[in-house]
Structures are given as structure tokens and as C-alpha cells.
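**Q** Sharing a structure, written as C-alpha cells. Questions coming.
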Amino acid sequence: MKQLYKMNRITWLLVLIAVMTFASCKVERLTPVAESTKDISGDWTVISATRNGTDLMSIVDFSQFKVSFKDGKYTLINKLPFLVSNDGAYSFDDPQYPFKISFTPTGKTAVATAFTYPIVNGIRQLTLTFSPGCPGNTYVYTFKKAN
């Protein structure tokens with residue numbers, strides 16, 4: 001009987017310690033930080049280009065090709081094969097968490113493509129994956145902002 005009484009005291013003591021521990025915990029409410037709208041304004045140059053995994057940088061001179069984004073419009077500078085061939089407007093599927101970007105050439109239908117906007121080695125990059133014309137060919141262009 002004494003052993004049962006001693007065990008109950010230890011059990012009650014552990015329960016009391018557990019209750020005091022949980023009661024002393026402060027519950028904090030975290031307010032989610034609003035993600036900013038993605039701003040790609042400026043001129044972007046190609047730093048990597050592949051077709052079906054094959055590097056195109058040694059075959060095609062991308063050094064003069066740029067895509068300029070400003071106020072919802074884009075301009076192609078020194079045009080090369082790209083998702084669209086004329087200047088126009090662009091938009092994201094979601095301004096805060098975009099997964100696709102749509103290019104709408106002036107007077108033509110919008111074309112959407114996969115879009116990523118990572119920071120790699122401290123440099124913001126913009127990667128577009130697309131298949132112009134032939135669905136068997138997949139191009140991946142990675143851009144960085146021009147200085």
C-alpha cells in the first residue's frame with residue numbers, strides 16, 4: 001500500500017510538473033509576411049541557353065540579345081529565336097507567386113511559359129522554359145539583369 005501511495009505521489013508530481021511546464025509556454029501568433037510582387041523591370045541578357053539539354057551558347061551568339069521589361073510591356077532587342085517574335089505586353093499568372101509568364105505580342109494571342117525567378121550566387125535570375133513551334137524541342141533560357 002505504501003508503495004502504491006509513493007507511486008501515486010510521484011505520478012502526481014510528474015503530472016504537476018508537466019502542467020506547469022505547458023502552462024508556462026507562451027503561444028505566439030505569427031503574422032505571415034506578405035510576399036512582394038515580382039518586379040522584373042529592366043534589361044535582361046541570356047547567360048545560359050539550352051535546347052533539349054544541349055548547350056546553345058557555343059553555337060549562337062546571345063551577347064547582343066536582350067529582353068527589356070517595363071510597365072507591363074516587353075521589348076526584344078537584337079532579336080534571336082525566342083518564345084515570341086514581336087514586342088508586346090507581359091503578365092504573370094500570380095504577381096506574388098508566379099509560375100508562368102504570358103507574352104502577348106502586339107495584335108497577337110498570348111503565349112504562356114514556365115517561369116522561375118531564383119537568386120543564384122547572390123544574383124537574381126529569370127528562367128523561361130518554352131517550346132516554340134515543335135513540341136519535341138524544349139528551350140530553357142536563363143537571364144540575368146544587364147548592368
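**Q** So if I check each of 104, 109, which one is at pLDDT 95 or above, among the polar types (S, T, N, Q) and more than 20 Å from residue 47 (Cβ to Cβ)?
**A** 104
**Q** Can you list the strands (runs of 3 or more DSSP E) lying wholly within the stretch 73-147 that have 1 or more residues being on the phi < 0 side of the Ramachandran plot and among the β-branched types (Val, Ile, Thr)? Walk me through how you get there before you give the answer.
**A** Working: elements: 73-77, 88-92, 100-105, 111-116, 123-130, 139-145.
Strands (runs of 3 or more DSSP E) meeting the threshold: 73-77, 100-105, 111-116, 123-130, 139-145.
**Q** Cβ-Cβ under 8 Å, sequence separation 6+ or interchain: first residue in the stretch 104-131 and in contact (Cβ under 8 Å) with a residue 60 or more places away in the chain, partner assigned to a loop (DSSP other than H, G, I, E, B) and aliphatic (A, V, I, L, M). Which pairs?
**A** 117/40; 126/40
**Q** Among 98, 118, which is touching a Phe, Trp or Tyr at 6+ places or on another chain (Cβ under 6 Å) and closer than 23 Å to residue 35 by Cα?
**A** Selected residue: 98, the only one of 98, 118 that is touching a Phe, Trp or Tyr at 6+ places or on another chain (Cβ under 6 Å) and closer than 23 Å to residue 35 by Cα.
**Q** Being in a strand (DSSP E or B) and hydrophobic (A, V, I, L, M, F, W, C): is that true of residue 59 here? Steps first, answer last, please.
**A** On the way: in a strand (DSSP E or B): no; hydrophobic (A, V, I, L, M, F, W, C): yes.
No.
**Q** Across the stretch 13-42, what is the number of residues that are modelled with pLDDT under 75 and surrounded by 10 or more Cβ atoms within 10 Å (Cβ to Cβ)?
**A** Residues that pass the stated criteria total 8.
**Q** Select from the stretch 105-137 the residues that are of a type in the set (Val, Ile, Thr) and surrounded by 15 or more Cβ atoms within 10 Å (Cβ to Cβ) and list them in ascending order.
**A** Correct list: 111, 113, 127, 129.
**Q** Given the residues 70, 66, which is the only one that is of a type in the set (Lys, Arg) and in contact with a Phe, Trp or Tyr (Cβ under 9 Å, 6 or more places away or on another chain)? Explain how you work it out, then say what you get.
**A** Working: 70 fails: in contact with a Phe, Trp or Tyr (Cβ under 9 Å, 6 or more places away or on another chain).
Answer to the check: 66.
**Q** Considering only the stretch 68-84, how many residues are surrounded by 14 or more Cβ atoms within 10 Å (Cβ to Cβ) and either of a type in the set (Gly, Ala, Ser) or in contact with a Leu (Cβ under 6 Å, 6 or more places away or on another chain) (or both)?
**A** Final tally of qualifying residues: 1.
The values are calculated or read from the model by the stated rules, or taken from the named source; none is laboratory data. The model shown is predicted, which means the values in this text are computed figures rather than measured ones. Ideal geometry is used to build each Cβ from the backbone, glycine not excepted, and the neighbour counts take in all protein chains shown.
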